[in-house]
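Novice: The structure is given below, and queries will be raised subsequently.
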């Protein structure tokens, strides 16, 4: 998928013409199945908690600090949000640290905490997965490369990541961070990959056949990997079995949303402790059971949902959507 097409799809709803009935950043909850009532109350509302961004992504709820960290990818910033103070600058630059000026999706994207509490960042512009070499409550522009190359070639632009219980780090590596997308002359790899970085520092290529691998996550039992494909022609979430050796087998389609006409792509997602999936997709957040049954949607008006984060108790979901940070108190 060309980078220009990706940006047009993502940003086409950023500043739409609104009717009196529809306001950007608002939303409704669609109960497709009664099963959703176990996760979301009937009177739950979509609320805006922060705005004024370029394109938000990568939300991470940090329970110990009672804060949400999230990325503004073109803004090259990681923000912090708390109930008490709202949005605050956390890291700038967050994903591109070179002095050469450039545009596009150059900043940070996916965020996750290591098992010892360090912040790991997918950095589009720097083309790596990096660790912030500073405490969470005292952020500094000091990064250590965790994964930056495969088979002697620089990565494209790591996008999202998931840390397994055994310490293996899984991440996607599409081409969104390049100014000219797949055809950028700086691109060294011939594909968009999905990788595993093990505790010993070895990087293994797991998948090279997905057009635009994006969101990634593992089911609570540790046996199933899900990957979203952010391609407008093939809006699909894929499912893979994780073998005992850490490789993948039995690739299948978890859910195919290619016929969906609403704006947006299959993007970032989170999985709760019961295996329910909250996935950014066309029109908002799609909610699946662990077996792939679509039980509801959080429909977002006027902007494109890119990702979400859940609090550990499953009571609240935070949603990144273009220039907005949204929240639904589900229970």
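The values are calculated or read from the model by the stated rules, or taken from the named source; none is laboratory data. Quick caveat: nothing in here was measured; it's all calculated off a predicted structure. Glycine also receives a Cβ, built like all others from the backbone with ideal geometry; neighbour counts cover every protein chain displayed.
Novice: Among the residues of the range 187-198, count how many are in contact (Cβ under 8 Å) with a residue 24 or more places away in the chain and assigned to a loop (DSSP other than H, G, I, E, B).
Specialist: 5
Listed here are the residues, each with its yes/no results for (1) assigned to a strand (DSSP E or B); (2) touching a residue at least 40 places away in the same chain (Cβ under 8 Å); (3) farther than 12 Å from residue 207 by Cα.
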site: 230; (1), (2), (3): yes, yes, yes
site: 236; (1), (2), (3): yes, no, yes
site: 240; (1), (2), (3): yes, no, no
site: 244; (1), (2), (3): no, no, yes
site: 254; (1), (2), (3): yes, no, yes
site: 258; (1), (2), (3): no, no, yes
site: 262; (1), (2), (3): no, no, yes
site: 267; (1), (2), (3): no, yes, yes
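Novice: Identify all residues within the range 284-295 that are touching a residue at least 40 places away in the same chain (Cβ under 8 Å) and surrounded by fewer than 22 Cβ atoms within 10 Å (Cβ to Cβ); write none if there are none.
Specialist: 289, 290, 292, 293, 294, 295
Novice: Residue 177: in a strand (DSSP E or B), under 19 Å from residue 58 (Cα atoms) and within 20 Å of the chain's Cα centre (by Cα), yes or no?
Specialist: In short, no.
Novice: Here is a follow-up. For residue 162, state whether it is touching a residue at least 24 places away in the same chain (Cβ under 8 Å), within 18 Å of residue 202 (Cβ to Cβ) and buried (at least 16 other Cβ atoms within 10 Å of the Cβ).
Specialist: Criteria met by residue 162.
Novice: Identify, by number, the condition in (1) surrounded by 12 or more Cβ atoms within 10 Å (Cβ to Cβ); (2) out of contact with any strand residue (DSSP E or B) (no Cβ under 6 Å at 6 or more places or on another chain); (3) part of a loop (DSSP other than H, G, I, E, B); (4) at pLDDT 95 or above that residue 37 doesn't meet.
Specialist: Exception for residue 37: condition (3).
Novice: So which pairs qualify, if the first residue must be in the range 47-68 and closer than 17 Å to residue 300 by Cβ, the second must be modelled with pLDDT under 95 and surrounded by fewer than 21 Cβ atoms within 10 Å (Cβ to Cβ), the Cβ gap must be under 6 Å, and the two must be at least 6 apart or on different chains?
Specialist: These pairs meet every condition: 48/25.
Novice: Going through 231, 221, 184 one at a time, which residue ends up being touching a helix residue (DSSP H, G or I) at 6+ places or on another chain (Cβ under 9 Å) and either surrounded by 21 or more Cβ atoms within 10 Å (Cβ to Cβ) or over 22 Å from residue 122 (Cβ atoms) (or both)?
Specialist: 231 is the lone residue from the list that is touching a helix residue (DSSP H, G or I) at 6+ places or on another chain (Cβ under 9 Å) and either surrounded by 21 or more Cβ atoms within 10 Å (Cβ to Cβ) or over 22 Å from residue 122 (Cβ atoms) (or both).
Novice: A follow-up question, please. How many of the residues in the range 300-316 are under 17 Å from the mean Cα position of the chain (by Cα) and in a loop (DSSP other than H, G, I, E, B)?
Specialist: Looking only at that region, the number is 3.
Novice: Picking from 80, 64, which residue would you name as being over 13 Å from residue 121 (Cα atoms), in contact with a strand residue (DSSP E or B) (Cβ under 6 Å, 6 or more places away or on another chain) and at pLDDT 95 or above?
Specialist: Of the residues listed, the single one that is over 13 Å from residue 121 (Cα atoms), in contact with a strand residue (DSSP E or B) (Cβ under 6 Å, 6 or more places away or on another chain) and at pLDDT 95 or above is 80.
Novice: Return the residues of the range 199-217 that are assigned to a strand (DSSP E or B) and under 14 Å from residue 164 (Cβ atoms); say none if nothing qualifies.
Specialist: 204, 206, 216, 217
Novice: Assuming residue 211 fulfils every condition listed in (1) over 22 Å from residue 158 (Cβ atoms); (2) at pLDDT 95 or above apart from one, which condition is it?
Specialist: Among (1) over 22 Å from residue 158 (Cβ atoms); (2) at pLDDT 95 or above, residue 211 violates only (1).
Novice: What is the residue count in the range 319-331 for residues that are within 21 Å of residue 65 (Cα to Cα) and surrounded by 23 or more Cβ atoms within 10 Å (Cβ to Cβ)?
Specialist: Within the range 319-331, residues that are within 21 Å of residue 65 (Cα to Cα) and surrounded by 23 or more Cβ atoms within 10 Å (Cβ to Cβ) number 4.
Novice: Looking at the range 273-283, which of its residues are part of a strand (DSSP E or B) and closer than 15 Å to residue 259 by Cα?
Specialist: Within the range 273-283, 281 is the sole residue that qualifies.
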